Amino acid sequence: MIQTDMQQELGRAKNALQNYLIHKLLIPKVYLDAEWNGEKVDVLAIDRAGSGDVHAVRMVLDENNGENIIWNVLKNVRQFHSFSSHYRYVAAICGSPHSRQAHECYEENAIRESFAMDGVGRIGILYVDLTVDDPKVQVILKAERFRSSKELVEMADQFVAAHTANWEVRE
């Protein structure tokens, strides 16, 4: 895949993930390619419906037609445990028909790896299918809320005040 095609595919995937979060949250502000607490995140959404919950998505691109995507997703799940947000997702971005079959193998391996050490919180796994005209997001493993803290709530409020959202509900 040439660089321009890859950028376009990643852009389509970010848009699909943005739409997923827009429909999931009540009053979200969505940020693409955000830097949150010193770390890059592909899609960040902060729900302004009173909770202020922070949802973060890291994308993993399937560049080898499904061969390494499962391993790459699991590696990202392991690394995402230290990230500071209420909900965390790893999204497998798949642009080939071969990778569609591979996504079904996630669940068994990912369930063990996805839970927080204390059991409060689970990283969700999403599958973004780019082989169709209108990219679809499929939930492979549902995310569960991680613990909150005063610092996390303050970070969300400061971030919203200092950054322009890519998408938000306007009054």
### Query
Quick one: is Leu10 among the hydrophobic types (A, V, I, L, M, F, W, C), outside any strand (DSSP E or B) and at pLDDT 95 or above?
no
#### Entry: Residue, modelled with the highest pLDDT, within segment 76-97, restricted to residues that are part of a helix (DSSP H, G or I) and surrounded by 14 or more Cβ atoms within 10 Å (Cβ to Cβ)
Phe80
#### Entry: Hits in segment 19-30 - residues which are touching a residue at least 60 places away in the same chain (Cβ under 8 Å), under 13 Å from Ile46 (Cβ atoms) and crowded, with 20+ Cβ neighbours inside 10 Å
Pro28, Lys29, Val30
### Query
surrounded by 14 or more Cβ atoms within 10 Å (Cβ to Cβ) and at pLDDT 90 or above: does that describe Val73?
no
### Query
Take the residues of segment 35-63 that are more than 12 Å from Ala156 (Cβ to Cβ) and of a type in the set (A, V, I, L, M): which is surrounded by the most Cβ atoms within 10 Å (Cβ to Cβ)?
Val57
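The values are calculated or read from the model by the stated rules, or taken from the named source; none is laboratory data. Note that the structure is predicted; figures quoted are calculated from it, not measured. Glycine gets a Cβ as well: all are built from the backbone with ideal geometry, and neighbour counts include every protein chain shown.
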